[in-house]
Amino acid sequence: MINELLVRVTYKCNKKCEFCFNYVFDDKVQYDMNENMNIETLIHFIKKHKIQKVHLSGGEPTMYKDIYFLVSRLSKFTKVSYFTNGMLFDRFHSDEIATMGIQRIKVSLYNDELLGNTPHYAKMCQNILEVKRKNPSIKFKASIMIDTNFFRVIHSANYQYALEIFDSIKWQPLTVGMDHPLYPTTIECMDSDFRNEIFRVLNTFHDNKVTAYESVLRNESPNICYMGKNYLTMNPDMSISLCPHLNKETLTIAEYEKVIEEQDIFFNKPTCRTMRCISLQAFLEKKYGGQ
């Protein structure tokens, strides 16, 4: 049973971060592909499979022209969360954000921004506070990359402010290939003592236990693929990715629904063990490993 659906409404973004998921896997993402999301087809698919949670992502989903309409429709029958780099607060007024039906807003916080003094960060935080005043039921979650700047970040004034603004903060490993210039800053490339000290500190934070990451690093993850069985990705052209990292290996909706008729056979295969999967794979193992 599919529990969660990640919907990439667009690959377009107003930023070009070198650690970005789409940028890192640029060879697998077709940026010139048809990005006309068919909202009615999407809604039919979600209702048919009784999907409990829908995560709107991209790219930056705010760049999708019909995002307000899409959120408003989806929120009538499923839980909607929204990933943004902060552009959401630039495009929409706080009244619109507070009433469009989003239950959870997940904001990417960048280490260089947390370590600096950028007007954008301060403005974004003020906008978040305004939305929270107008609709306290919306939960704000921050996502921050774990890299070699970890200790500088947690002692920064901007991070301390984030602790006051956001309902929760999730730390996730920076995941890039070995040939990427940022690879030396990742947990895979760190000195083990330094990495273990980061993990030790993270384990003192609320809801940031990292035992799942450690098991993946030790190559001890179960030989089960949770992608496609519990957590599915739909792309801007309405194709389906069983694994969000392998965007060329897509299925049509009809092909996917044929596959899941024999899902116990199809999904009972070794998990992809590339370290670029560590963040999502650790999350899935922690959430669905007991099933």
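Could we say that Thr250 is open to solvent by less than 20 Å² (accessible area, probe 1.4 Å) and at pLDDT 70 or above here? If you could, list the steps in order and put the result at the bottom.
On the way: open to solvent by less than 20 Å² (accessible area, probe 1.4 Å): no; at pLDDT 70 or above: yes.
Here the answer is no, as Thr250 does not meet what is asked.
Let me spell it out: the conditions are (1) at pLDDT below 70; (2) in contact with a Gly (Cβ under 8 Å, 6 or more places away or on another chain); (3) not hydrophobic (A, V, I, L, M, F, W, C), and Tyr183 meets all of them except one. Which number is the exception?
Evaluating Tyr183 over (1) at pLDDT below 70; (2) in contact with a Gly (Cβ under 8 Å, 6 or more places away or on another chain); (3) not hydrophobic (A, V, I, L, M, F, W, C) leaves (1) as the failure.
Counting only residues that are open to solvent by 70 Å² or more (accessible area, probe 1.4 Å) and not in a helix (DSSP H, G or I), which one in segment 51-66 is modelled with the highest pLDDT?
Taking segment 51-66 and keeping what is open to solvent by 70 Å² or more (accessible area, probe 1.4 Å), we get 52-53, 63, 65.
Subsequent filtering for residues that are not in a helix (DSSP H, G or I) retains 52-53, 65.
On the way: Gln52: 90, Lys53: 94, Lys65: 90.
Among those that are open to solvent by 70 Å² or more (accessible area, probe 1.4 Å) and not in a helix (DSSP H, G or I), it is Lys53.
Give segment 159-188 a look and list any residue that's in contact with a helix residue (DSSP H, G or I) (Cβ under 8 Å, 6 or more places away or on another chain), open to solvent by 30 Å² or more (accessible area, probe 1.4 Å) and within 17 Å of Gly86 (Cβ to Cβ), or say none.
Hit for segment 159-188 is Tyr161, nothing else.
Pull out all pairs, ordered by first then second residue, where Cβ-Cβ is under 8 Å, the residues are six or more apart or on different chains, the first lies in segment 162-180 and is among the small types (Gly, Ala, Ser), and the second is outside any strand (DSSP E or B) and crowded, with 16+ Cβ neighbours inside 10 Å.
Ala162/Leu114; Ala162/Cys125; Gly177/Val24; Gly177/Arg276
Determine which member of the set Lys48, Lys132, Lys141 is without any contact (Cβ under 8 Å) to a residue 24 or more places away in the chain, open to solvent by 10 Å² or more (accessible area, probe 1.4 Å) and within 29 Å of Asn230 (Cα to Cα). Steps first, please.
Details: Lys132 fails: within 29 Å of Asn230 (Cα to Cα); Lys141 fails: without any contact (Cβ under 8 Å) to a residue 24 or more places away in the chain.
Of Lys48, Lys132, Lys141, the one residue that is without any contact (Cβ under 8 Å) to a residue 24 or more places away in the chain, open to solvent by 10 Å² or more (accessible area, probe 1.4 Å) and within 29 Å of Asn230 (Cα to Cα) is Lys48.
Of everything in segment 80-107, what is open to solvent by 40 Å² or more (accessible area, probe 1.4 Å), farther than 23 Å from Glu35 by Cα and not β-branched (Val, Ile, Thr)? Give them in sequence order.
Listed by number, the residues that qualify are His93, Asp95, Glu96, Gln103, Arg104.
Of the residues that make up segment 181-192, is at least one over 30 Å from Ile105 (Cβ atoms) and aliphatic (A, V, I, L, M)?
yes
Go through (1) modelled with pLDDT under 85; (2) part of a loop (DSSP other than H, G, I, E, B); (3) surrounded by 18 or more Cβ atoms within 10 Å (Cβ to Cβ) for His206 and report which single condition fails.
Status for His206: all satisfied but (3).
Mind checking which pairs have a first residue in segment 108-126 that is closer than 15 Å to Leu163 by Cβ and a second that is assigned to a loop (DSSP other than H, G, I, E, B) and among the hydroxyl-bearing types (Ser, Thr, Tyr), Cβ under 6 Å, 6 or more apart or different chains?
As it stands, the answer is Leu114/Ser156, since those pairs meet every condition given.
Could you tell me which residue of segment 5-42 is modelled with the highest pLDDT, considering only residues that are closer than 18 Å to Thr252 by Cα, of a type in the set (D, E, K, R) and surrounded by 16 or more Cβ atoms within 10 Å (Cβ to Cβ)? Spell out the reasoning first.
So the first thing to find is which residues in segment 5-42 are closer than 18 Å to Thr252 by Cα, and the list is 5-10, 28-30, 33-42.
If we keep only those that are of a type in the set (D, E, K, R) too, we end up with 8, 28, 35, 40.
With the extra rule that they be surrounded by 16 or more Cβ atoms within 10 Å (Cβ to Cβ), the set shrinks to 8, 35.
On the way: Arg8: 91, Glu35: 75.
Checking each candidate, the answer is Arg8.
The values are calculated or read from the model by the stated rules, or taken from the named source; none is laboratory data. Bear in mind that the values here come from a model prediction, so they are computed numbers and not experimental data. Note: ideal-geometry Cβ built from the backbone for every residue, glycine included; neighbour counts use all protein chains shown. Heads up: the accessible areas ignore ligands, DNA and RNA and are worked out on the full protein's heavy atoms, side chains in. Shrake-Rupley method; radii C 1.70, N 1.55, O 1.52, S 1.80 Å.
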